[in-house]
1. Given (1) modelled with pLDDT of 95 or more; (2) farther than 24 Å from I256 by Cβ, where does P334 come up short, assuming only one miss?
2. Test L352 against the stated conditions and say whether it is hydrophobic (A, V, I, L, M, F, W, C), more than 25 Å from I443 (Cα to Cα) and in a loop (DSSP other than H, G, I, E, B).
3. With the requirement that a residue be assigned to a helix (DSSP H, G or I) and of a type in the set (A, V, I, L, M), what does the range 217-239 give you?
4. Determine if the range 384-397 includes at least one residue that is touching an Asp or Glu at 6+ places or on another chain (Cβ under 8 Å) and either in a loop (DSSP other than H, G, I, E, B) or at pLDDT 95 or above (or both).
5. Just one of V442, V431 is of a type in the set (A, V, I, L, M), in contact with a Gly (Cβ under 7 Å, 6 or more places away or on another chain), outside any strand (DSSP E or B) and assigned by TED's automatic domain parsing to the domain that holds E164; which is it?
6. Consider A214 against the criteria (1) under 20 Å from the mean Cα position of the chain (by Cα); (2) in a helix (DSSP H, G or I); (3) modelled with pLDDT of 95 or more: it satisfies all of them except one. Which criterion is unmet?
Amino acid sequence: MNRILTILILIIFSISGFAQDDSLCKSITTQSIDWLRNGEAEKLNVYFTEKVASKLDVKTTASIWQQISSQYGRFDKIDTVYSKEILPNLVVDCILSFKEGNLKYRLTFNKENKIAGIFFIPYKRKKAKEREPQESSEFFEKKYAFKNQGFEFPAMFCYPKNHEIIATVVFVHGSGPNDMDETIGPNKMFLELAHELAKNGIASLRYDKRTYIAKQTGNTKGLKTDIDNVVVNDAVKAIEEVKKNKKLQELKVFVIGHSLGANLSPRIAQKSGELDGIILMAGNSRPLEDLVVEQYEYLYARGCISKAEKAEIKKIKKQAKNVKRLEKDLRKNPDMELNLPLTNDTAFWLSLTQYNPIETAKSISTPMLILQGSRDYQVTRDDFENWRKALGSRSKTNYIFYSNLNHLFIKGKEKSYPEEYNRKGNISPVVITDISKWIDGVIKNEFSHETLVH
């Protein structure tokens, strides 16, 4: 590995004017991981500048992944991809997760979108600052922690101030390693919801997700990644912690799930047996692998689709098909080479394929509120309509569709794209009002069955 890093550090960057295609360069970067894994180094070398090619021939490039795998173990996934300008070049970084650690993979592109530098850098995540309780004239927070299945979960209760507490909500995160605030760029969806709901008399408990704790501490020992162990069981435990709280134990308890957390909310209600309602914010009703394909097609359709992007879409479609036959394929060959979307974690994907959110929702009597924004490209109106049609006349079930809101329920006029999440926004006030009114309606056993559109 040291030899590889030495070779790569010797590469001299070319000097040229800045004119790179950000989308294309990111696509080449992510695709190149597959080329290296599959022994197709020649596909990567095609993009090298002459100077880089003189340092790294195809044989040398092909040997890189073998040496990395021997040191870091089995490859799991590309965790994050981001670009930055270091003039005159465009630098694309992505974090690669392996069984034995993480690497930062960096490609530097010149103005012709040629690779002028390639690096694999040992990567250790910065430990996040510990969350401190916040307080205002309308709410106050208290630190909390609970243990479950080998992990200790930093958590935060948020209480109304000078207001009767009428109910409690437990927040359940979307996919990926999320902190208790569900921080996405400068936006903190769960923090904002907790504070705003407290103004309406609703207390809450939020907690760091298991995978977030594992990444922060580096402790992955015994980490199981099926949906029950990575999401559901911890949410059920959080509900139990609310029931032990003397301030809250006599009140009704609700779950607010976002994205994957919303998708799994019916299962949480089923396993808990203690919930008085579940609120699904941008919860997919369709298989996640199908949504991944849609997201790639949506993002690449933004401009003229390049040859590399077409290849990326083709790859994702193949990976989605692999998910659908994963159980069957693993029975035939448990040691098969994996090629799945987002992550090669078989436990996660198998557990998802064995879970049907709609059938689970039909099997429980827990009141449901399903919320969806029109600008959401990650979970779309198709999911919302699928919930509505499939659940039909299910009692105590309400649906609200919001015009101009994105996946984080932030208002906007333009189509939503990933860079929007890097801008600070606020959850639309009407969403806070609707959630508060619905919870109050459940408490009073007052329901309407209409679908609302805002």
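1. Of (1) modelled with pLDDT of 95 or more; (2) farther than 24 Å from I256 by Cβ, only one is false for P334: (1).
2. Numbers: hydrophobic (A, V, I, L, M, F, W, C): yes; more than 25 Å from I443 (Cα to Cα): yes; in a loop (DSSP other than H, G, I, E, B): no.
In short, no.
3. Narrowing the range 217-239 to residues assigned to a helix (DSSP H, G or I): 217, 227-239.
I227, V230, V231, V232, A235, V236, A238, I239 - these are the residues of the range 217-239 that are assigned to a helix (DSSP H, G or I) and of a type in the set (A, V, I, L, M).
4. Residues of the range 384-397 that are touching an Asp or Glu at 6+ places or on another chain (Cβ under 8 Å), as a first pass: none.
There is no residue in the range 384-397 that is touching an Asp or Glu at 6+ places or on another chain (Cβ under 8 Å) and either in a loop (DSSP other than H, G, I, E, B) or at pLDDT 95 or above (or both).
5. Values: V431 fails: in contact with a Gly (Cβ under 7 Å, 6 or more places away or on another chain).
Going through V442, V431 in turn, the sole match is V442.
6. All conditions are met except number (3).
This table checks each residue for (1) assigned by TED's automatic domain parsing to the domain that holds D181; (2) acidic (D, E).
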| site | (1), (2) |
| --- | --- |
| E112 | no, yes |
| I115 | no, no |
| E130 | no, yes |
| Q134 | no, no |
| K143 | yes, no |
| K147 | yes, no |
| G150 | yes, no |
| P154 | yes, no |
| F157 | yes, no |
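Yes or no, residue by residue, for (1) modelled with pLDDT of 90 or more; (2) closer than 30 Å to A347 by Cβ; (3) in the same structural domain as N89 (by TED's automatic domain parsing):
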site: I11; (1), (2), (3): no, no, yes
site: I28; (1), (2), (3): yes, no, yes
site: I33; (1), (2), (3): yes, yes, yes
site: E40; (1), (2), (3): yes, yes, yes
site: K43; (1), (2), (3): yes, no, yes
site: V46; (1), (2), (3): yes, no, yes
site: V52; (1), (2), (3): yes, no, yes
site: S70; (1), (2), (3): no, yes, yes
site: D76; (1), (2), (3): no, yes, yes
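The values are calculated or read from the model by the stated rules, or taken from the named source; none is laboratory data. None of these values were measured; they are calculated from a predicted model. Because the Cβ atoms are built from the backbone with ideal geometry, glycine has one as well, and the counts that use them run over all protein chains shown.
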